[in-house]
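Notes to accompany the following structure.
Just so it is clear, none of the values below were taken in a lab; they were calculated from the coordinates. Worth saying up front: this structure is predicted, and the values here are computed from it rather than measured. Note: ideal-geometry Cβ built from the backbone for every residue, glycine included; neighbour counts use all protein chains shown.
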Amino acid sequence: MTLRARVTLLAVWLAVLAGLLFYVLSALKVSTDLRSFMPPARTPEQRLLLDEIGEGPGSRLLLLALHGDEPDALADISKALVLRIRDDKRFVRALNGEGDLGALAQDLLPYRYLLSPTLDTQAFDADYLRSELEQRVQDLGSPAAAWLKPLLGSDPTLEMLKLAEAWAPPGEPERYAEVWFTRDGKQALLLAETVAGGFDPSAQRDAQDALEQYFRDSSKDTHAQLVLSGPGVFTVRINATTSDEANRIGLFDSIGFITLLLLAYRRIGTVLAGALPLVSGGLAGMAALALLFGGAHGITLAFGFTLIGVAQDYPIHLFSHLSRERSPVTVAQLLWPTLATGVASTCIAYLAFFASGVDGLEQLAVFTIVGLATAALTTRFGLVHLLGSRPLDAAQSAWLAALWRRVAALPRPRWLAPLLATAAVVAVYFAPGSFWENNLAALTPAPLDLVAQDTRLRQELGAPDVRHLLVIEGDDADAVLAASEKLDPLLAQLQTDGAIAGYELPSRYLPSAATQRARQAKLPDAATLQPALAQALLGLSFKPGSFDAFARDVEAARTLAPLDAQRFFESPLGLRLKAQLQPRDGHWIGLVSLVGVKDSGALVALAARPDVPAHLLDLKHASESLVAAYRTRVLYSLAVAALLLVVVVSIALRRRRRVLQVLLPMAVTTLLILAALRLGGVSLSLFHLIALVLAAGLGLDYALFFEHVEDDEHEQRRTLHAILVCSASTFLVFLLLALSSLPVLRAIGATVTLGVVFNFVLALLLARPQREIRDA
Amino acid sequence: MSLLLPLASQAAPDQAESRQATAAPAACSKDCASAQTLRLIERLKRPLPATTRYTEVRFVEMLDAPLTLRGDLTYASANELGKRVMSPYEETTTIANGQVEIARKGKPAKRFSLKRAPALAGFLESFSATLDGDAKRLERSYVLTSDGDDHRWQLQLVPREAALAKHVKRVLISGQDTTPLCFDVEETGGDSSVLLVDKLADAALDAVPQQAHLQQLCQGKP
């Protein structure tokens, strides 16, 4: 090809890549919500977790602490901050302890007699009114008069205050200047509940950035500092540290990788062109996801890029086999059957994932198949035309020739494979510790200081437990509320027993219609109330007519239709109830937050009682069972993929002996990796499984190339060179990951690093045909 | 009772004098108090803690007749005031660090921020600054005027800040020699209260006390 034609080809190629990039950036929506990566729910517990509550209201709570300035300044910031957060649609609620007496909308004020529990145990008779009014006289003589005075005329029994107290979160912190403070009085405390789930890193970061901004606005000219905590904060922090570390390692990887290729091929142009197939594959894969799914999960992309990393080997095989005698196109034609066998069998194996019925895995299959196929085809039909005619011939290298002779002299012990496989199986079987790691969070642990800080704030704030939740289901909102009322005394008992420190029921905000009607029935009519009030007022010095507004409100409350959820939702407190009472396809659910769970056994026992209208949701257990279910799907897919692989390789290589030579190193390597990990005390996770698949793909390629050597010694040296460069570069890249401090990166890195070593050695010992020895 | 009388330690007058010398010229720029008024306030300083019996008459709009409460007051520091009602009922109010707690027998204590009771906050400010002889602090919050002579005097405080003026119209402190005897707080809503302390704490009052009579008592007329 002429230089001009090569430049044109490169320009067209880059233009296509730019077009793909533009399309991907505009069309591919990357979701980070863990739920969309999970399989459909099977158990009621999983269904609740996935469909109905996300990760639970506890996980959406952000804990805020302000410190570093005088308490008065902190209190002012707290008040300003809460107002800003309440105006933001990204938050369900913001609390700082300020008692908002106006929380019940003006038009709902008469409802206070139906919402407050006073009438359950009291009648508005002369005796009760008298004792209340005597206390009001004392109130007027006390400093509280200033803020009680406006209430007294219409609410002499102070029902609004009782409601405000009942609506305060359970286990309230101390207060200073009306807002929550830590017991030592040095930190102002706030709670903010996000709309987004706690494990959705991008939405959480968005919300937390908003909080930081509001804090900066509210704290100008002070020394105050903001401490944020809660599951969402962990998620954001872990996400950031993971991607920071992955990026840092990626940078070192790239430098090392390019240096290695420059050493191996001594041509800058060649090395740069070698990146094109992988980039093309990645972009094509993402474009396919955008086209077919409209979006992809972040985890799919992370797994996907790990899996198509094997495509970097395709240009290396091509480069290592180049020589002065043959044109790059001829070399590519000669390599193609071997390369194509590897790519085709891998791609067909990934079809198994496509049939898994899980969105995340289907996306993974599409991305990997399109990516690998594109990388292989662009290597074969594009890259070859870009290469110059004066490449470095690996076969001419003296040290390679020496190495080749040693390698050629290596024995090929037939007993090796069965021995290693047996030893590996035995090791896996007897290795201590649990085989599977179901807790995905264990792979991305939160920093210990953050956890300690969270525990401290959670105790100070009495914030709900993140793990346990009681769930009530009912045909309609009122059924859920009625069930919630039945739960109240039972939970109160648990609280008295010390099993829990507190709880928050939806019926605390809105009693059921039946309860409201019962209270309504106890409200006296005007003919009864007037004389009772007159009698109660005897001897007290209230001016005549002081309580006319009270009599009017009681009369109004007597004929009200009970307050329903819909109307309550529209009131200022509506969001709080909405967080605990929600309609879901034809039925309603109620969520009961629990605070300070000390004895989960007591909760399990309570929920198991037939008369208890709720079940206990253990979010940790539910998510672990989901992960286990997910892993089962992956394992099934892998089993089918392995079968498909055997079939495709058998068809391609035809002879049983050759098939065995190619597949055996890969299979034994997989067992050896498992054994090494398990002996190292590692419990396996999804990340290990995906990395195992990558290792197997690498092994297949090594074995195919070793098995398919030509008789020509120079050609054999070139193959050795190719596999040396492939394995050395992959080893380098994943060794750095394996050394990472983050378990999730370590999982992938260690698995693949082990895989490269085992695959290389075993391919050398098991895959090369016997005749080579004779030739040597 | 006599704890509110000046138990003059050696240190107290010295402090008052040095404060007068250094602070007075810089503090005030508008509606400044006369030197005589400032001197009057500085003479009122007394050691802490101080305790006195009191009688408080509260005129509340909602009520036909004023409330008359008797008990004792403990003034521990600038931020801490205890007020115990002993008749006609029992009630203990504690103000500390901006928080008010009202405790009654057999009832859960009421707690709220001092900011929700601005009239009380205003009273506490004037009360503590006066007993501290801190003319500078008092002048920062109030426009000060005085009347009478060193033996029988009246000190009038009108809030400077709108936030306080919204709730408190004026505070009138009357006293004899170096001892305040009456704190008369007039709120903007029409309510008012007269607090009689020290030797007036046990003054005989009518069953339904009248404002005019209280004024006379405070000014030392029989």
Dipole magnitude of segment A:302-461 about its Cα centre (Cβ charges: Lys, Arg +1; Asp, Glu -1), debye to nearest 20 | 920
Mind checking the full-extension length gain between A:Ala164 and A:Glu132? Use 0.36 nm per residue of separation minus the Cα-Cα distance, one decimal, nm.
-> 9.7 nm
Inter-label distance for A:Ala398 and A:Gln530, nm, one decimal - labels placed 7 Å from Cα along Cα-to-Cβ | 12.2
Would you kindly calculate the mean projected area, averaged across all directions, of the convex hull enclosing the Cα atoms of segment A:311-396, in square nanometres?
-> 5.6
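About the Cα centre of segment A:187-255, how large is the charge dipole given +1 on each Lys and Arg Cβ and -1 on each Asp and Glu Cβ? Please answer in debye to the nearest 20.
Numbers: 5 positive and 10 negative charges, 26 e Å.
With Lys and Arg at +1 and Asp and Glu at -1, about 120 debye.
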For A:Ala5 and A:Arg248, what is the calculated FRET efficiency with R₀ set at 60 Å and r taken between the beta-carbons, to the nearest 0.05?
-> 0.90
Which whole-number percent of Cα pairs in segment A:632-770 have a distance greater than 27 Å?
-> 22
Counting sequence-distant residues (5 or more places) and residues on other chains, those with an amide H built under 5 Å from that of A:Trp180 are A:Gly97, A:Glu98, A:Leu189
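Give a quick list of GluC sites (Glu not before Pro) in segment A:673-720 that DSSP marks as loop, anything other than H, G, I, E or B, with at most 15 other Cβ atoms within 10 Å. Don't skip to the end; give the middle numbers.
On the way: sites: A:Glu707, A:Glu710, A:Glu713, A:Glu715; in loops: A:Glu710.
Taking segment A:673-720 and a limit of 15 other Cβ atoms within 10 Å, the loop GluC sites (Glu not before Pro) found are A:Glu710.
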Report, to the nearest 10°, how far helix B:118-131 tilts away from the longest principal axis of the Cα atoms in chain B, using its own Cα long axis and a range of 0 to 90°.
-> 50
Dipole magnitude of chain B about its Cα centre, charges +1 at Lys/Arg Cβ and -1 at Asp/Glu Cβ only, in debye to the nearest 20?
-> 580
How long, wide and thick is segment B:148-207, going by the Cα atoms along their three principal axes, in whole angstroms, largest first?
-> 34, 33, 14
Using only the Cα atoms of segment A:471-540, build the gyration tensor, take square roots of its eigenvalues as a ≥ b ≥ c, and label the shape rounded, prolate or oblate: rounded if a/c is under 1.5, else prolate if a/b is larger than b/c, else oblate.
-> oblate
Calc'd 3J(HN,Hα), segment A:582-588, phi into Karplus 6.51 cos²θ - 1.76 cosθ + 1.60 (θ = phi - 60°), Hz, glycine/Pro = x, comes to 9, x, 9, 4, x, 9, 10
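Pull out a ≥ b ≥ c, the square roots of the eigenvalues of the alpha-carbon gyration tensor of segment A:328-371, then state rounded if a/c is under 1.5, prolate if not and a/b is larger than b/c, and oblate in the remaining case. Please list the in-between numbers first.
On the way: a/c = 7.21, a/b = 3.06, b/c = 2.36.
The shape class here is prolate.
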Can you give the Kirkwood hydrodynamic radius of segment A:526-651 from its Cα pairs, in Å with one decimal?
-> 22.0
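Over 19 Å between C-alpha atoms is what I'm after, so list which of B:Lys30/B:Lys136; B:Lys83/B:Lys105; B:Lys199/B:Lys221; A:Lys220/B:Lys166 land there. Spell out each step's value before the answer.
Numbers: B:Lys30/B:Lys136 13 Å; B:Lys83/B:Lys105 15 Å; B:Lys199/B:Lys221 14 Å; A:Lys220/B:Lys166 27 Å.
Those over the limit are A:Lys220/B:Lys166.
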With a cut-off of at most 16 other beta carbons within 10 Å, and DSSP calling the residue loop, which trypsin sites (Lys or Arg not before Pro) in segment A:629-732 qualify? Please list them.
-> A:Arg654, A:Arg655
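Looking at the calculated P(r) for segment A:202-307, what percent of the C-alpha pair distances fall above 15 Å? Kindly include the intermediate steps, with their values, before the conclusion.
Details: 4300 of 5565 pairs.
Result for the distance tail: 77 percent.
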Helix A:743-762 sits at what angle to the longest principal axis of chain A, using alpha carbons and giving 0 to 90 degrees rounded to 10?
-> 20
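Could you tell me how many cubic angstrom of Cα convex hull volume segment A:153-223 has per residue? Provide the component values of the computation, followed by the final result.
Details: hull volume 12.9 nm³, N = 71.
With only Cα atoms used, segment A:153-223 gives 181 Å³ per residue.
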With no solvent and one equal point scatterer per Cα, compute the Debye intensity ratio I(q)/I(0) for segment B:78-181 at 0.10, 0.19, 0.24, 0.25 Å⁻¹ and report its log10, rounded to two decimals.
-> -0.34, -1.01, -1.27, -1.31
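Could you work out the relative contact order of segment A:585-702, using alpha carbon pairs under 8 angstrom and six or more residues apart, expressed as a whole percent? Intermediate values should be presented prior to the final figure.
Numbers: 30 pairs, mean separation 19.3, N = 118.
It rounds to 16 percent for segment A:585-702.
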Can you pull the three principal axis extents for the Cα set of segment A:511-563, in Å, largest first?
-> 39, 18, 16
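Counting only DSSP beta bridges with both residues in the protein assembly as shown, tell me the antiparallel percent, nearest 5. Provide the component values of the computation, followed by the final result.
Working: 102 of 106 bridges.
Of those bridges, close to 95 percent are antiparallel.
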Segment A:634-740, relative contact order [Cα under 8 Å, separation at least 6], % = 23
Inter-label distance for B:Asn79 and B:Asp31, nm, one decimal - labels placed 7 Å from Cα along Cα-to-Cβ | 2.8
Once both axes come from the Cα atoms, what is the angle between helix A:126-141 and the longest principal axis of chain A, in degrees from 0 to 90, rounded to 10?
-> 80
Using only the alpha-carbon atoms of the protein assembly as shown, report the extent along each of the three principal axes, biggest first, to the nearest angstrom.
-> 134, 71, 54
Report the normalised scattering of segment A:416-469 as log10 I(q)/I(0) at q = 0.27, 0.28 Å⁻¹, calculated by the Debye formula with identical scatterers on the alpha carbons.
-> -1.06, -1.08
How far apart, in nm, are the 7 Å Cα→Cβ label points at A:Ala452 and A:Asp599?
-> 3.1
How big is the convex hull of the Cα atoms of chain B, per residue, in Å³?
-> 125
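Could you line up B:Thr51, B:Thr130, A:Thr751 from fewest to most neighbouring Cβ atoms inside 10 Å? Provide the component values of the computation, followed by the final result.
On the way: B:Thr51 14, B:Thr130 23, A:Thr751 28.
Taking fewest neighbouring Cβ atoms as first place, the list is B:Thr51, B:Thr130, A:Thr751.
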Centre separation in Å (Cα based) which lies between segment B:137-190 and segment A:93-168 = 34
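When B:Val185, A:Val92, A:Val426, A:Val595 are ordered from fewest to most other Cβ atoms inside 10 Å of their Cβ, what list results? Each step should come with its number before you reach the end.
Details: B:Val185 25, A:Val92 19, A:Val426 11, A:Val595 22.
Going from sparsest to densest Cβ surroundings: A:Val426, A:Val92, A:Val595, B:Val185.
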Just name one of A:Thr632, A:Leu20, A:Ala622: the one whose Cα is farthest towards the positive end of the charge dipole of the protein assembly as shown (beta-carbon charges, Lys/Arg +1, Asp/Glu -1).
-> A:Leu20
For A:Ser327, B:Ser113, order by how many other beta-carbon atoms lie within 10 Å, fewest first | A:Ser327, B:Ser113
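Hey, what does the equivalent ellipsoid look like for segment A:464-600, semi-axes from the Cα gyration tensor as sqrt of 5 times each eigenvalue, largest first, whole Å?
Details: eigenvalues 266, 78, 33 Å².
Working through the eigenvalues yields semi-axes of 37, 20, 13 Å.
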